[in-house]
Amino acid sequence: MKKNLLISLRFTLVTTVIFGLLYPLVVTGLSQALFPGRASGQLIARNGKIVGSRIIGQPFTGPGYFHPRPSNAGTGYDPTSSGGSNLGPTNKALIERVKGDVEKLQTENPGVPIPVDLVTSSGSGLDSDISPAAAEFQIPRVAHSRGMKQEDVRALVQKHTKAATWDFLGKSE
């Protein structure tokens, strides 16, 4: 019995060192060497100061910006508190939030169907992308606010719209 216990303890110690220390260090080192920008979170710097990340949504609310999906991560787009709301479809708080978002968006663009991703949060709450339909919905506001023609903003949206990966991962409609 004592022999089995010692073997178990040694095995636990060895696997902890291998999979808890060595493996993460090797993977982190390789990713930093091969993909330094991606491994560090695709950070955006302005004048030497980090101002954001390409892969974490930010709460742009000004009329001249494309607004992201709603976020349930902490107080909104908090990467240390990532996660969905866990509110079910019949939850009163969720229903009220969605109703409020719908009413606000209907005043912005009356009579136009509202893309679902403008009123529903992503699973992580940090999604930095919006659908082409959500971008199209916001073009009139962004163009008006920036004093641009809608066609020019639409051309920029089309230029920066990514297609679905391998034609099936992610929507591209």
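The values are calculated or read from the model by the stated rules, or taken from the named source; none is laboratory data. Please read these numbers as outputs of a predicted model, since none were measured by experiment. Glycine gets a Cβ as well: all are built from the backbone with ideal geometry, and neighbour counts include every protein chain shown. In case anyone asks, the SASA skips ligands and DNA or RNA and just uses the protein heavy atoms, side chains included. Shrake-Rupley method; radii C 1.70, N 1.55, O 1.52, S 1.80 Å.
Per residue, the accessible area of the chain comes to 73 Å², computed with a 1.4 Å probe over protein heavy atoms only. Highest mean packing first, where packing is the average number of other Cβ atoms within 10 Å per residue, the peptides 53-60, 136-143, 149-156 line up as 136-143, 53-60, 149-156. For K99 and V51, the FRET efficiency from 1/(1 + (r/R0)^6), where r spans their Cβ atoms and R0 equals 30 Å, is about 0.35.
Spread over its residues, the convex hull of the C-alpha atoms of the range 109-173 is 108 Å³ per residue. With a 1.4 Å probe rolled over the protein heavy atoms of all chains, the accessible area of R146, R46, R69 falls in the order R46, R146, R69, largest first. The simple spin-label model puts a point 7 Å past each Cα toward its Cβ; for T165 and Q58 those points are separated by 2.4 nm. Annotation: amide H of G52 within the under-5 Å range of I44, sequence separation 5 or more or interchain, hydrogens built in the peptide plane. Note that the range 49-63 has calculated 3J(HN,Hα) couplings of 10, 6, 10, x, 9, 6, 10, 10, x, 10, x, 6, 10, x, x Hz, one per residue in order, obtained from phi through the Karplus relation 6.51 cos²θ - 1.76 cosθ + 1.60 (θ = phi - 60°); glycine and proline are x. Residue order by solvent-accessible surface for H67, H160, H144 is H144, H160, H67, largest first, with ligands and nucleic acids left out and a 1.4 Å probe.
Each Lys or Arg adds one and each Asp or Glu subtracts one; over the other residues with Cβ under 13 Å from the Cβ of L118, this totals -3. Here the mean projected area of the convex hull built on the C-alpha positions of the range 41-123 is 6.8 nm².
Each of G37, Q150, S121 was placed along the dipole of the chain (beta-carbon charges, centred on the mean Cα), and the one lying farthest toward the positive end is G37. Each residue of the range 145-161 is assigned a 3J(HN,Hα), and the resulting list reads 5, 9, x, 10, 6, 4, 5, 5, 5, 4, 5, 5, 4, 5, 5, 9, 7 Hz, derived from the Karplus form 6.51 cos²θ - 1.76 cosθ + 1.60 (θ = phi - 60°), x at Gly and Pro.
In sequence order, the range 20-25 has phi-based couplings of x, 10, 5, 4, x, 5 Hz under the Karplus curve 6.51 cos²θ - 1.76 cosθ + 1.60, θ = phi - 60°, and Gly or Pro positions carry x.
Just the protein heavy atoms count here, and of the accessible area of the range 52-124 at 1.4 Å, carbon and sulfur take up 58 percent. Computed about the Cα centre, the dipole magnitude for the chain is approximately 720 debye when only Lys and Arg (+1) and Asp and Glu (-1) carry charge, each at its Cβ. Considering helices alone, the calculated mean residue ellipticity of the chain at 222 nm is -13500 deg cm²/dmol, with DSSP H runs of length four and up weighted by -39500 (n - 2.57) and normalised per residue.
Each of M1, M148 has its accessible area taken with a 1.4 Å probe; listed largest first, they run M1, M148. In whole angstrom, note down how far apart the Cα centers of the range 89-159 and the range 6-37 are. First find each Cα centre; the distance between them is then 43 Å. In the context of the full protein assembly, T75 retains an accessible surface of approximately 150 Å², using a probe radius of 1.4 Å and ignoring ligands and nucleic acids.
With a cut-off of 14 Å between beta carbons, the residues surrounding L43 carry a summed charge of +4, where Lys and Arg count +1 and Asp and Glu -1.
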